[in-house]
Amino acid sequence: MRLTCTVNGERREVDVDWEGESLLYVLRERLGLPGSKNACEQGECGSCSVLLDGELVCACLVLAAQADGHHVVTVEGLARDGELHPVQEAFTVTGAVQCGFCTPGLIVAAADLLAHNPSPSEDELREALSGNLCRCTGYAKIFDAVRFAAGLSDAK
Ligand code: FES
Ligand code: FES
């Protein structure tokens, strides 16, 4: 089965072997985009978060076929003209990365939050990121990073 979709602004065509292939598998294994991580494959951790037509989804729960004809943005697509996305920059400035496995999903989720709500309350921030688990439990720095990206705090 051949699928056509737009990934990070580029039209991509890809052959999938069977109808059950997830969008996450196709992004990582067929399109060479390993930024979205495969941690639970059950929609529990958010490590695979991407935007599908502007909506935050777990790519492990989306069939690749569902992306046919649609727009996907992965963490690789957030930087512009060689400049990191402000959320990416904030994660580095605030030291919000430990092993980094959760980081791409959190960055996509945080970028989505700030795109819709540039100045989130503490509750809104925590609610928006509640689907993204950090096994290293570095949540304090992660929340610092999002506050910093939103201009709600200084870097620590
Ligand atoms: S790998 Fe998709 S939610 Fe965990
Ligand atoms: S930094 Fe290791 S899982 Fe979050």
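What is the calculated FRET efficiency for Asp68 to Asn117, with r their C-beta to C-beta distance and R₀ = 30 Å, to the nearest 0.05? If you can, show how the numbers build up before the last one.
Working: r = 30 Å, r/R0 = 1.01.
Efficiency, from the Cβ-Cβ distance: 0.50.
Add -39500 (n - 2.57) for each DSSP H run of 4 or more in the chain, then divide by its residues: what number comes out at 222 nm, to the nearest 500 deg cm²/dmol?
Roughly -7500 deg cm²/dmol at 222 nm, from the helical runs in the chain.
Where only protein heavy atoms count, and the probe is 1.4 Å, what is the accessible area per residue for the chain in Å²?
Here the residues of the chain average 51 Å² of exposed surface.
What does the charge count near Arg28 come to, summing +1 for each Lys or Arg and -1 for each Asp or Glu among other residues with Cβ under 14 Å from its Cβ?
-1
Using every alpha carbon pair in the chain, what percent of pairs falls into each 5 Å bin from 0 up to the bin containing the largest distance?
So the P(r) values, bin by bin, are 2, 10, 20, 22, 19, 13, 8, 4, 1, 0.
Could you order peptides 2-14, 105-117 by the average number of other Cβ atoms within 10 Å of their residues, highest first?
105-117, 2-14
Using a 1.4 Å probe on the protein heavy atoms, what percent of the accessible area of the stretch 40-156 belongs to carbon and sulfur?
Ligands and nucleic acids excluded, carbon and sulfur give 52 percent.
What does the charge dipole of the stretch 1-136 about its Cα centre add up to, to the nearest 20 debye, if the Cβ of each Lys and Arg holds +1 and the Cβ of each Asp and Glu holds -1?
Rounded to the nearest 20 debye, it is 300 debye.
Within a Cβ distance under 11 Å of Leu114, other residues only, what is the Lys/Arg minus Asp/Glu net charge? If you can, show how the numbers build up before the last one.
Values: positive: Arg147; negative: Asp112, Glu124.
Neighbourhood net charge equals -1.
Hey, can you grab everything whose amide H is under 5 Å from the amide H of Ser22? Only 5+ residues off in sequence or another chain; H modelled, so Pro and N-termini drop out.
Hits under the 5 Å cutoff: Ala64.
Need one word for the stretch 28-102: rounded, prolate or oblate. Basis is the Cα gyration tensor (sqrt eigenvalues a ≥ b ≥ c); a/c below 1.5 gives rounded, then a/b vs b/c decides.
Oblate, because a/c is 1.5 or more while a/b does not exceed b/c.
Where nothing but the Cβ of Lys and Arg (+1) and of Asp and Glu (-1) is charged, how large is the charge dipole of the stretch 61-156 around its Cα centre, in debye to the nearest 20? Provide the component values of the computation, followed by the final result.
Details: 6 positive and 12 negative charges, 63 e Å.
Around 300 debye, computed over the stretch 61-156.
What FRET efficiency do you get for Gln42 and Tyr139 if R0 is 30 Å and r is their Cβ-Cβ distance, rounded to the nearest 0.05?
0.90
Could you tally the net charge around Ser47, taking each other residue with its Cβ under 14 Å from the Cβ of Ser47, Lys/Arg +1 and Asp/Glu -1?
+1
If one puts a single equal scatterer on every Cα of the stretch 6-50 and applies the Debye formula without solvent, what log₁₀ I(q)/I(0) results at q = 0.25, 0.27, 0.28, 0.29 Å⁻¹?
-0.98, -1.08, -1.12, -1.16
The values are calculated or read from the model by the stated rules, or taken from the named source; none is laboratory data. What you see is a predicted model; the values in this text were computed from it and never measured. Cβ coordinates were reconstructed from backbone atoms using ideal geometry, including for glycine residues, and neighbour counts include every protein chain displayed. Calculation scope for accessible area: heavy atoms of the full protein, side chains included, ligands and nucleic acids excluded. Shrake-Rupley method; radii C 1.70, N 1.55, O 1.52, S 1.80 Å.
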